[in-house]
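A short worksheet on the structure shown next.
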Amino acid sequence: MLYPALTVFGVSLFLLANAVADASFGSWTNSAPNLRMEWTPIPVNVHVDAISDSNTTLDTYDLLFLGMNQVGKENSTIAGSLQLARINAKYDGAIDRLLEEATNFTIGDKTAIMTYNTASGQKPQTLIIIHVGATAADARKVGTDLARTIQGGKKAKSCAILLPNQKSTREASAYVTEMTTALWVGLYKDKRFKSIKDDTDDAGNVNTIDLIVPDGNYDRETIRNAIANGRTHSAAVYLSKDIVNAPHNVLNSVSLVDTAQRLNKMYKRTLRCQILDQEECQRRGMGAYLGVARGSETPAQFIHITYRPPKSTYWSKSAPKLRRLGIIGKGLLFDTGGYNIKTSMMELMKFDCGGAAAVLGAVRAIAELEPRGVEVHFVIAACENMINERAMVPGDILTASNGKTIEVVNTDAEGRLTMADALVYVDQELDCDEILELSTLTGACMISLGTSIAGLWTNNDQLAVRLLESSARTGEKIWRMPMEADYRDALKSKVADLKNLGARYGGAIHAALFLQEFVEGDKPFAHVDMGALRGAPMGLSLYLE
Ligand code: BES
Ligand code: MG
Ligand code: ZN
C-alpha cells in the first residue's frame, strides 16, 4: 500500500509536499485562502515637532513654508515673527519683496512657490512657499503640497512651517491636525505588493519638519497634541487605504477578521471584538447575508467590535447606559456580481469593502482618541459575492433575520442583502440609539454625484446636520439626497415581501429605501453611499467628538 508508506509519524508526506509548494507564493497559498494582510506603516523617518519662534534659526532650513492668515504684511504671522524679521534684514529685505508679490494672491489661492537663495550663489538653496489662508481647507492644501514637495525634492533635508496666526487655540489646533493629516496621508504609498521596495519617494531626504509657533500666541504643548491627533487620523486612513487596496487573494473575509482582531489586541482597554461564524449567523436566521456568502471559498464572518470609554465599570452590567451608536460598513471583499456577472468595472471590485475600511479606520481613530459618553458598536457582515455551484441565483427568495422575505431579482444588488441582516442586528439585538451605515452600494450614486462626493440619506434632520458639519470640517464631501417615500412601491415583489431591485432611474434612492426597511420605526438612521470616498474615515471620528 502506497499511502501508509508515505505517512511518517501520522503526517502525510503528500500534505508536507503541498505545504512546501504552497509557501512559494509569498503572501498567499494556492490551496488555502490568505490569512493575514500586511499593514503599511506611517513613514517613521519624518519627525514633526513644534518649535517656538524665538528658539529657532529659520535660515538653516532647506524648505520654508510661510502660512499667512491674510494677504498683506499687516496681521500676518510674518509681521510677528522675530526670525523672519532677522532673515529679512540679513538678506536685504528679501521677505518683504516676496510679500509684495504675494499681495496679488487671494485667500484660498493656490500655493505660491518661490525660490530664494540663502545668500548670493550659496548652496543649499532655500525654497520658500507662501500659502495664503488659515482655514482647515487651507491647512489641507499646505499638508498635501508639503508631501508633494518633499517627495519630489531630493536635496531638501530639513523643513520648517511657520504657522499662520489664528484667532484661538482651538483654531490653531485644528489647522495643525488637518495639515499634518494631509501631510502623512499625502505620503501614503502602497508598496506591499512590489518586489522592489523603492523608499526614496517616501519623504525624499526630509527627516525633520518643524512647526514654528509664533511666540506668545499659543503654547507648544497644544500644538504637540494637535500633531499627535494628525498622526492618529493618518494611521486610521492608512489602515483604511490598505484594506481598500488589498486584492481579494490577499484580503478575504477571514483575513479581514485577522485585521479586526489585531486592532482589538492593540486597544484592549476600550475594545471588545466578537466574531459570529457562519453557524451562528445561520442560528440567528441571517438568510439575506448568508445568501450572498454561499458562493465563496471563505465562510461568512460577521464582525462586531464594541468601543466603550476607558472606565472599567462601563463593562459591568450595572454601569450607566451610554448613548449607543451603531456604525455598519459594507464588507464585500470582492463583488463579481454573482450569476448576474458584472460586464464592466469588475476589476475595481476589490474596493467593495470601502465601508468596512472606513469602519475599521474609525475603530483605530476612536480607540486612540477615546471619546467620552458614547458606546460605539462597529459591525461588518464580511463576505464575497462569487460564483460556484452553491451560489444564489436570480429568483431565489431569501429570508432576513427580521423575518422579511426578499426576492433576489439581481445577484449584483448584493450589498443591501448583507446590510439587511447587519441593520437588524444593530437595531434589534444591540438596541443602538442611532445607526450610521456606510457602503459602496450603487454605481448609480457615483453617476449622480461624481467621483468625489458621497450621497447621504437619512430620516433625521439633526443627524444630517451633524454629518454635514463633520464633512465640512474634514473636506470629505457628502450631499444629502431624498428618502423619497413615493418610490417605495418599486420595491414590492409579487412573490416575496420585497425585491432587491427598484426601478432603473434613481437606483441609489431605491437602494436607500430598501435599507430603511430593516430599521424599525423612526430611529435616527443614516446611509452614506460612499463609492466616491472609498474608505476615508476622518469625518467619522470627528462626528463622535
Ligand atoms: N458594489 C456595487 C456598487 C458599485 C459599482 C459601486 C460601481 C461603485 C462603482 C454594487 O454591489 C452593485 O453591483 N450595484 C449594482 C446594482 C444594480 C445591479 C442594481 C450597480 O450599481 O450597478
Ligand atoms: Mg454588486
Ligand atoms: Zn457590491
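Data table
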quantity: Among (1) in contact with a Ser or Thr (Cβ under 7 Å, 6 or more places away or on another chain); (2) modelled with pLDDT under 95; (3) away from ligand 3 (no atom under 16 Å from the Cβ) - the single one residue 351 does not satisfy; calculated: (3)
quantity: Which listed residue is buried (at least 18 other Cβ atoms within 10 Å of the Cβ) and within 14 Å of ligand 3 (Cβ to nearest atom), from 385, 402; calculated: 385
quantity: Residue that is nearest to ligand 2 (Cβ to nearest atom), among those in the range 405-423 that are open to solvent by less than 10 Å² (accessible area, probe 1.4 Å) and among the β-branched types (Val, Ile, Thr); calculated: 411
quantity: Single match in 453, 509 (criterion: among the aliphatic types (A, V, I, L, M) and surrounded by fewer than 21 Cβ atoms within 10 Å (Cβ to Cβ)); calculated: 453
quantity: Complete set of residues in the range 457-476 that are in contact with a strand residue (DSSP E or B) (Cβ under 8 Å, 6 or more places away or on another chain) and more than 16 Å from ligand 1 (Cβ to nearest atom); calculated: 458, 459, 460, 463, 464, 467, 468, 471, 476
quantity: Residue list for the range 333-348, restricted to those being out of contact with any Ser or Thr (no Cβ under 7 Å at 6 or more places or on another chain) and within 11 Å of ligand 3 (Cβ to nearest atom); calculated: 334, 335, 336, 345, 348
quantity: Selection from the range 372-382 of residues that are more than 13 Å from ligand 3 (Cβ to nearest atom) and either under 18 Å from the mean Cα position of the chain (by Cα) or not assigned by TED's automatic domain parsing to the domain that holds residue 323 (or both); calculated: 376, 377, 378, 379, 380
quantity: Matching residues, the range 361-397, being assigned to a strand (DSSP E or B) and out of contact with any Ser or Thr (no Cβ under 8 Å at 6 or more places or on another chain); calculated: 374, 379, 380
quantity: Which numbered condition residue 269 misses (of (1) open to solvent by 50 Å² or more (accessible area, probe 1.4 Å); (2) over 18 Å from residue 364 (Cβ atoms); (3) touching a helix residue (DSSP H, G or I) at 6+ places or on another chain (Cβ under 9 Å); (4) not in a helix (DSSP H, G or I)); calculated: (2)
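Matching residues to (1) farther than 19 Å from residue 145 by Cα; (2) touching a helix residue (DSSP H, G or I) at 6+ places or on another chain (Cβ under 8 Å); (3) modelled with pLDDT under 85; (4) of a type in the set (Phe, Trp, Tyr):
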{"position": "163", "(1), (2), (3), (4)": "no, yes, yes, no"}
{"position": "214", "(1), (2), (3), (4)": "yes, yes, yes, no"}
{"position": "221", "(1), (2), (3), (4)": "yes, no, no, no"}
{"position": "225", "(1), (2), (3), (4)": "yes, yes, no, no"}
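The values are calculated or read from the model by the stated rules, or taken from the named source; none is laboratory data. Worth saying up front: this structure is predicted, and the values here are computed from it rather than measured. Counting neighbours? That spans all protein chains shown, and the Cβs are built from the backbone with ideal geometry, glycine included. Remember, those area values only see protein heavy atoms, side chains included, never the ligands or the DNA or RNA. Shrake-Rupley method; radii C 1.70, N 1.55, O 1.52, S 1.80 Å.
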